[in-house]
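Student: So that we are looking at the same thing, I have put the structure below in structure tokens.
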Amino acid sequence: MTRMAVVNRAAFLTRPEHRGLRVIALVSLLVAWEALARTGRVPVLFLPSPLGVLAEGWEMLRSGELLGHLASSLQRLVLGFALGAAAGVVVGVTVGFFAAAEAVGTPVLAATFPVPKIALLPLLILWLGLGEPSKVAVIALGVFFPMAINTFTGVRQADPLLVRAAVAFGARRWSVIRKVILPSALPMIFAGLRLGAGTALLLLVAAEMIAVESGIGFLILHAGNLMQTTKLMVGIVVLSILGVLSHWSLGRLERLAIPWRVST
Amino acid sequence: MRVVVEGVSKVYGDRAGHAVRALDGIDLAVNTEEFVAVLGPSGCGKSTLLNLIAGLLAPTEGAIWLDGELPPGRAATAMVFQEFALFPWRTVQANVEFGLEEMGLTRDARARRARRYLDMTGLAGFETKYPHELSGGMRQRVGIARALAVEPPVLLMDEPFSALDAQTRQLMQEELLGIWERTRQTIVYVTHNIHEAVYMADRVVVLSRRPGRVLAEVKVELPRPRAEAMLGEPAFVHAVERIWHLIRDQAVQALRE
């Protein structure tokens with residue numbers, strides 16, 4: 001008689017976190033880049049070194065140049081994002097909850113949603129002028145659509161049993177929306193905010209390449225025209241930091257706003 | 001408060017557009033402070049009947065009446081759901097206060113009322129928990145506390161313990177009876193469990209398979225308060241056998257489908 005040891009055949013399915021590997025990957029990428037730049041084989045015009053970018057960024061920060069650009073960009077970003085997100089939630093709930101609003105809203109949204117919002121910028125400039133309003137408006141539009149569609153989906157996914165329970169305990173239309181529909185839609189609304197944040201950054205940069213004197217997008221375009229590649233890279237790094245920060249803070253906000261979520 | 005169901009039928013349109021008759025000519029009266037169990041095989045429309053009494057659906061034919069005085073601002077009915085239907089974003093306490101908010105009670109009055117029914121249902125110490133942190137039995141306690149808190153003259157219960165394991169169910173049945181001895185609402189209790197129906201109710205209304213009709217009403221001749229020891233008494237066994245006899249053929253047919 002032979003004896004066979006039973007081994008865990010599912011062991012290869014476990015996914016360890018590999019925290020160290022994450023750091024190593026990022027650091028070695030930077031080191032390789034720095035090394036490549038230092039060999040002098042690639043002209044600085046095409047590929048400035050990471051340390052050079054860091055030094056330039058520090059210099060721009062000290063002179064106040066960077067903060068000025070950042071302030072203008074953040075102002076457009078925050079204003080456009082807030083307007084678009086608020087409008088998106090209101091429209092999403094209305095279209096999701098009221099049958100008549102759905103009949104009106106769905107075809108309109110379906111027809112306008114696929115238009116790349118950047119294509120509307122010339123039109124918005126015609127309507128609102130070259131100043132700030134057209135920039136804010138294009139960002140707001142870009143945020144509005146993912147927000148409206150996600151909110152709509154979230155509203156539709158609300159558990160009918162919970163709606164029925166609320167009505168059984170005396171809730172009328174407004175109570176049902178406020179106390180059942182909105183909390184049900186909250187996870188989808190946050191997913192929409194994340195999508196919207198990405199779109200907002202994209203549209204911000206595009207809008208800042210037309211008729212502005214400040215902003216990260218302007219900084220990148222201007223530096224590119226003057227072939228100041230290091231400065232250009234500073235702008236790109238700042239955008240990357242903005243993207244990571246907005247993603248991270250939305251995640252924190254979501255955990256605060258949805259404490260009943262089992263764990264994500 | 002007395003519940004009167006008069007010649008009620010309910011016809012649904014199914015997905016293919018065919019008319020499905022869920023309930024057919026139901027006549028039923030539940031007296032004040034009476035505990036009536038509505039029993040039937042699955043798909044007999046007993047939950048539909050409860051939703052009709054709660055005013056969550058409109059009958060196709062017939063009418064439903066609630067006879068009795070109702071102070072202004074009070075809800076006539078409250079419901080306990082099979083799947084609990086707790087609001088996951090509300091703590092235990094906030095769930096229990098839901099109906100009270102809709103009644104327009106002040107924050108203090110709500111907290112006081114919730115305190116009373118949280119204690120009564122054994123939920124003291126769990127006020128700040130979320131439903132997902134609780135076991136099935138505890139969740140349904142929240143469901144019961146939420147319903148009792150609005151102090152409804154009529155309590156509607158839709159298979160409240162059928163999602164629980166057998167031991168928990170037995171304990172919850174006893175607790176519910178204990179609470180009812182104190183609060184004494186009219187209760188309409190839907191179940192597919194014959195033993196449960198006979199053990200809990202004063203009267204068992206037996207429904208047929210779809211379309212649901214009243215097959216019989218069986219009076220349970222057991223004294224109150226009920227106790228586990230009565231499960232072996234001739235009156236209990238007799239009632240169970242009689243009901244089983246009534247719905248056996250129906251169950252056999254359902255099995256063959």
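Student: Can you name the residue in the range A:221-264 that is assigned to a helix (DSSP H, G or I) and within 14 Å of another protein chain (Cβ to nearest Cβ) and is also surrounded by the fewest Cβ atoms within 10 Å (Cβ to Cβ) among such residues?
Tutor: The residue in question is A:LEU256.
Student: Can you tell me which residue is nearest to B:ALA124 (Cα to Cα) among those in the range B:41-93 that are away from every other protein chain (no Cβ under 13 Å) and of a type in the set (S, T, N, Q)?
Tutor: Result: B:GLN93.
Student: Checking B:GLU101 against (1) in a helix (DSSP H, G or I); (2) within 9 Å of another protein chain (Cβ to nearest Cβ); (3) in contact (Cβ under 8 Å) with a residue 24 or more places away in the chain, which single condition isn't satisfied?
Tutor: (3)
Student: Which residue pairs have Cβ atoms under 6 Å apart, sit 6 or more places apart or on different chains, and have a first residue in the range B:61-89 that is of a type in the set (Ser, Thr, Tyr) and a second that is part of a loop (DSSP other than H, G, I, E, B) and crowded, with 16+ Cβ neighbours inside 10 Å?
Tutor: Once the first residue is of a type in the set (Ser, Thr, Tyr) and sits in the range B:61-89, its partners that are part of a loop (DSSP other than H, G, I, E, B) and crowded, with 16+ Cβ neighbours inside 10 Å give B:THR77/B:PRO152.
Student: Inside the range B:4-55, can you point out the residues that are free of Cβ contacts under 8 Å to residues at least 60 places away in the same chain, under 22 Å from A:PHE169 (Cα atoms) and surrounded by fewer than 17 Cβ atoms within 10 Å (Cβ to Cβ)?
Tutor: B:GLY55
Student: What do you reckon, is A:ALA166 assigned to a helix (DSSP H, G or I), within 13 Å of another protein chain (Cβ to nearest Cβ) and over 14 Å from the mean Cα position of the chain (by Cα)?
Tutor: yes
Student: Of everything in the range B:114-131, what is buried (at least 21 other Cβ atoms within 10 Å of the Cβ), within 14 Å of chain A (Cβ to nearest Cβ) and not hydrophobic (A, V, I, L, M, F, W, C)? Give them in sequence order.
Tutor: Passing the criteria: only B:TYR117.
Student: Here is a further query. When only residues in the range A:169-180 that are surrounded by fewer than 22 Cβ atoms within 10 Å (Cβ to Cβ), farther than 17 Å from B:THR77 by Cβ and of a type outside the set (D, E, K, R) count, which is farthest from the other protein chains (Cβ to nearest Cβ)?
Tutor: A:ILE177
Student: Return the residues of the range A:200-220 that are of a type in the set (D, E, K, R) and surrounded by 16 or more Cβ atoms within 10 Å (Cβ to Cβ); say none if nothing qualifies.
Tutor: Scanning the range A:200-220 gives a single hit, A:GLU208.
Student: Okay, next question. Out of the range A:151-162, which residues are within 11 Å of chain B (Cβ to nearest Cβ), part of a helix (DSSP H, G or I) and surrounded by fewer than 18 Cβ atoms within 10 Å (Cβ to Cβ)?
Tutor: A:PRO160, A:LEU161
Student: Now for a different question. Any residue in the range B:143-157 that is farther than 23 Å from B:CYS44 by Cβ, surrounded by fewer than 20 Cβ atoms within 10 Å (Cβ to Cβ) and either in contact (Cβ under 8 Å) with a residue 40 or more places away in the chain or touching a strand residue (DSSP E or B) at 6+ places or on another chain (Cβ under 8 Å) (or both)?
Tutor: yes
To keep it simple, each residue is scored yes or no on (1) over 26 Å from the mean Cα position of the chain (by Cα); (2) touching a residue at least 12 places away in the same chain (Cβ under 8 Å).
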| position | (1), (2) |
| --- | --- |
| A:LEU36 | yes, no |
| A:VAL42 | yes, no |
| A:LEU51 | yes, yes |
| A:LEU54 | no, no |
| A:GLY57 | no, yes |
| A:SER72 | no, yes |
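Throughout, read-outs are computed from the coordinates displayed, never taken from laboratory work. Just so you know, these numbers come straight off a predicted model, no measurement behind them. Don't worry about glycine lacking a Cβ; one is built from the backbone with ideal geometry, like all the others, and counts go over all protein chains shown.
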